[in-house]
Amino acid sequence: MKELPKTYEPNDIELRLIDFWNKNKFYAPDNNSTKPKYSIVIPPPNVTGNLTMGHMLNNTIQDIYARWKRMSGFNTLWLPGADHAGIATQTVVEGKLREEGLSRYDLGRGKFVEKVWEWKDIYHKNIVAQLTRMGASVDWQRERFTMDEGLSIAVRKVFVDLYKKGLIYKGKRIINWDPEQQTALSDEEVIYQEMNDKLYYVKYPLLDDERKFIIIATTRPETMLGDTAVAVNPNDERYTGISGKKVLLPIVDKAIPVIADEYVEMGFGTGALKITPAHDPNDFMIGEKYKLESVQVIDHTGKMNEHAGMYSGIDRFEARMKIVQKLKELGLIEKIEDYTHNVGFSERGGAQVEPYLSDQWFVSMKPLAEAALNAVRTGEIKFHPQRWTKTYENWMTNIRDWCISRQLWWGHQIPVWYNKNNDEIYCEVTPPKDIENWEQDPDVLDTWFSSWLWPFSTMGWPENTDDLKKYFPTDFLSTAPDIIFFWVARMIMASLEFTGKIPFSDVYFHNIVRDEMGRKMSKSLGNSPDVIEVMNKYGTDALRFTLVYLAPQGTDIYYANEKCEIGRNFANKLWNAARFLLMKKEQSRGASIPFEQDIFDKWIQSRLQSTIKAYLKALNEFKINEASAALYDFIWGDFCDWYIEILKIKANDNPDSAEAIFENAINIFDDALKLLHPVMPFITEELWQGIKERKENESISISNMPEIQDTLIDVNAEENIILIQQLMASARNMRAEMGLSPSVKCDITVNCKTEKDAELLVSTKNYIKSLAKIEAFEIETKKETPSYKSVTSVVGHYQLYLKIEGLIDVEQEKTKLNKEIERTEGFIISITKKLSNENFVSKASSEVVENEKKKLDDNRQKLEKLKEHYKLIVS
RNA sequence: GGGCGGUUAGCUCAGCUGGUUCAGAGCGCCUGCCUUACAAGCAGGAUGUCGGGGGUUCGAAUCCCUCACUGCCCACCA
């Protein structure tokens, strides 16, 4: 048995236990086990990342489920890992190089990638340390990284497969281009932000009459150098007869056609639209339709290119200013208006995204989407909270092709080789044999193209491994809602396509953690507290408990460090309760004559069972805050506040049974610790080791979760104890109102309605006397008021009288009684009304009606007693 | 423009498969306590027309409609 120090020091405990758990490999599942399996998909964090509060919450949730299931008889796999985070990692490493005055081109592709691997190792250690520190019960032996050999084979296999099915294609499209990172991005990697900009009205002279103009409104005058048409709506009377004519593109001095297409919104700007197929997705569409030429004027670095004439080599935003200046000089600016619109930025790099015409690889998503949509619609995969299914459906039914090629070096290079001598294309998992005749596509794949295989690639797919057979499909995914499209939807599509199975059955979308100003906590904003610091200050258990306690399903959490006091205080409470029980047991060693179970013992057992029930229900419904609240209320509200206080008295009254009494309490506490262990793994392990003798390699984390024992549920005891608690609260309240010092004992008489009511009090008399500091405690069934001067209150079938020495403040007492009388009268009136309402009596269930009648009866009696007492005081 | 949430005590939020265990918890506040673990504690207390309006119902914080404010996601008409 371990000694429990007087004060609770979480840090020492945590470091020691991490070591203990690791050494014993408690969290490696057993492949030979016949127990049912439970497997969890971890959202692999970016290797570059520090854990944010969001990760902390997510990993805590996963750990709760892992530990809970493990203790409930499941062979549990929680497989950790990280993803290579293509853009993010490459950006970081390039930044480091820049500090040394180097660029990736100075190193060359091979050396650069080597360098990234070095950095990856450093970051990776950090992630492992953080996950370990927060107590994640993952199986480190199975750790995976998206660029591991096995996972890379899976990526190539999937690419080749889709390519051969015709679902991967290469094409010239307008994509989102990041001019800083110089790579294509998928639609999901672009974030739109509202910007205050200008809307420029530019005059385009008609070719056959240069005194006449078409005025065009644009936010991006620099792209006009690439205009190849002007479009108007055919129904627009302002432009009747103008379609088919030509206008002279200013500055470039090129004749371009005016076309008519219904796509043009008549209400916007001037109703005339410039068409720049190379720099706008919609213009591109129109360009295709009318077979217009595409003129690219901005290059891959965001600078104007050779087609921009005198502006060539100038940055796009600078060129805008210069072109506007030039147009002004030419008298071709009609006006400039302020204009607010949404502009896209790179999710990772932050650069303003350029719609850019380029050759990229795409996945046709429509064919993959249908099965994935059905899996969720039929409930085979369940989302929690459920409303996310709607978001999912919306996206899936409007899904667009996925641009998967990235012009980066860090990532899975596309498994496509081009023959140097002819047009032949080779696409296989392994490189061509005569490699010297081939050149591999230089692009790498979007990181999500490896992440979407995560649930099965980490288990060894495409090999049909034992792990895959045993643990796939998985059971549970907990993730942030903001990656539902990036990741969740794509995993479902990939899994169904390549394994024919769903990847997981339950998806929990956890809360977004925000700071107190309501901003999402993120690395880029730097507003997430350092989780390690918080753990050091409050304890990991405190942080874990606080997060889930504050996290009702489907809401956001407004987090501030001080809130961790909830968890810390709770941990402290636990610690002291354990210490106290142990101390008392030690003190009373040998006094182990069996004791009689009284109503309080039955009550606490029953409360424990109700708590287990509520806890399991909550976890099964993914209401983690309710699960943790159930434990908090039981341990603090029932066990510590009431049961331990009762035990003190009981042990005093039964000195020969004292050890047995505390032994019994420790057994209950033992169960409570097990229930709490998934949420607060460290302190529960430490106390569990401390309260009883354990074997060397015994751990609460692999012990058995208590099961519900229906025979121990005692509704009657629970109801009666509530009454006694109310009665005591009422007695204490009267004491306080009368200004009695807590050290002074008082006399109380209780009038009971029935003999049965009286029996309850008689059986618990000692406890009540002691806890409410009562000297003379009379329990009567007579209807008379006591002979002494008193104040009174009514609880259920009990009327309490507190004896008053000396004078009472008659006026104050009258006011109080009057208030209570009025309230009771009002209540009686409302029930009477209800009961005399024929509709109520006939339509409400008989149970409800009976209940109301009983209430009416009770309150009439109460009123009578109150009035009686009032008379007494006044006289 | 389309979709999804939120609005309950000073603050952060539970409750929302309709009926005094429905008006709650924690923090904060007030009063009194170092009472045989815990002052990170104990006992007691105050505080709310459950966003506004309308409806369904015998009965609504809970269901429906509507308005207001607020947050998020998707689309991106230059």
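Read-outs: derived from the displayed coordinates by stated rules, not from any lab. Small disclaimer: the values here were computed from a predicted structure and weren't measured. As a convention, Cβ positions derive from the backbone with ideal geometry for all residues, glycine included, and neighbour counts pool all protein chains shown.
For chain A, the relative contact order works out to 13 percent when only alpha carbon pairs closer than 8 Å and six or more residues apart are counted. Derived scalar couplings between HN and Hα for region A:360-365 equal 9, 8, 10, 10, 6, 8 Hz in order, rounded to whole Hz, by the Karplus curve 6.51 cos²θ - 1.76 cosθ + 1.60 (θ = phi - 60°), x for Gly and Pro. Normalising the Debye intensity of chain A to I(0), with uniform scatterers on Cα atoms only, and taking log10 at q = 0.04, 0.08 Å⁻¹ returns -0.30, -0.89.
Here each label is just a point 7 Å from Cα along the line to Cβ, and for A:L206 and A:R16 those points are 9.2 nm apart.
Considering only alpha-carbon pairs that sit under 8 angstrom and 6 or more positions apart, the relative contact order computed for region A:763-875 is 26 percent.
Residue separation of A:Q587 and A:K819 scaled by 0.36 nm, minus their Cα-Cα distance, works out to 78.5 nm of gained length.
For region A:842-873 and region A:40-72, what is the separation of their C-alpha centers, rounded to whole Å? So the separation of the two Cα centres works out to 54 Å.
Taking 37 °C and 0.692 mPa s as the conditions, I'd like the Stokes-Einstein D for region A:807-868 in µm²/s, using the Kirkwood hydrodynamic radius from alpha carbon pairs.
On the way: Rh = 13.0 Å.
Calculated translational D: 253 µm²/s.
Normalised by the number of residues in region A:581-709, the average gap of Cα pairs under 8 Å and 6 or more apart makes the relative contact order 34 percent. Pairs spanning more than 23 Å between alpha-carbon atoms, out of A:K23/A:K613; A:K470/A:K617; A:K602/A:K782; A:K366/A:K501: A:K23/A:K613; A:K470/A:K617; A:K602/A:K782. Magnitude of the charge dipole for region A:433-540, about its Cα centre and with charges confined to Cβ atoms of Lys, Arg (+1) and Asp, Glu (-1), is about 580 debye. Taking the square roots of 5 times each eigenvalue of the Cα gyration tensor of region A:588-711, largest first, gives ellipsoid semi-axes of 26, 18, 12 Å.
Placing R0 at 56 angstrom, the Cβ-Cβ distance between A:A371 and A:K96 gives a FRET efficiency of 0.80 after rounding to 0.05. In order along region A:720-726, phi translates into HN-Hα couplings of 5, 5, 4, 4, 5, 4, 5 Hz, rounded to whole numbers, per the Karplus curve 6.51 cos²θ - 1.76 cosθ + 1.60 with θ = phi - 60° and x for Gly and Pro.
Here region A:47-195 is assigned +1 on the Cβ of each Lys and Arg and -1 on the Cβ of each Asp and Glu. Its dipole about the Cα centre then comes out at about 620 debye. Hey, with R₀ at 35 Å, roughly what FRET efficiency would A:K520 and A:H307 work out to, going by the Cβ-Cβ distance, to 0.05? Between A:K520 and A:H307 the formula returns 0.30.
Listed by chain and number, the lysines whose alpha-carbon sits under 22 Å from that of A:K834, ignoring those within fewer than 8 places in the same chain, are A:K843, A:K853, A:K854, A:K855, A:K862.
Applying 1/(1 + (r/R0)^6) with r as the Cβ-Cβ distance of A:K469 and A:K35 and R0 = 22 angstrom yields a FRET efficiency of 0.90. Residue by residue, region A:789-794 carries 3J(HN,Hα) couplings of 6, 8, 10, 9, 7, 10 Hz when phi is fed to the Karplus relation 6.51 cos²θ - 1.76 cosθ + 1.60 (θ = phi - 60°); x denotes Gly or Pro.
Kirkwood Rh over alpha-carbon pairs of region A:208-279, then Stokes-Einstein at 25 °C and 0.890 mPa s: what D in µm² s⁻¹, rounded to an integer? Answer from the Stokes-Einstein relation: 199 µm²/s. Look at the dipole of region A:797-875 built from charges on Cβ: of A:Q812, A:A844, A:Q799, the Cα furthest out on the positive end belongs to A:A844.
Simple point charges give the picture: +1 on the Cβ of Lys and Arg, -1 on the Cβ of Asp and Glu, and for chain A a dipole about the Cα centre of about 1200 debye. Note on A:R400 and A:Y788: their simple-model spin labels are 8.4 nm apart, each label 7 Å out from Cα toward Cβ.
When you have a sec, figure out the Kirkwood radius of region A:217-359 from all distinct Cα pair distances and drop it here in Å to one decimal? The answer is 16.0 Å. Can you find, among A:T48, A:S358, A:T223, the residue farthest towards the positive end of the dipole of chain A? Put +1 on the C-beta of Lys and Arg, -1 on that of Asp and Glu. With unit charges placed on the Cβ atoms, the residue in question is A:T48.
Adding -39500 (n - 2.57) for every DSSP H run of four residues or longer, then dividing by how many residues chain A holds, sets the calculated 222 nm ellipticity at -13500 deg cm²/dmol. With kT/(6 pi eta Rh) evaluated at 37 °C and eta = 0.692 mPa s, and Rh the Kirkwood radius from Cα pairs, region A:425-464 diffuses with a coefficient of 262 µm²/s according to Stokes-Einstein.
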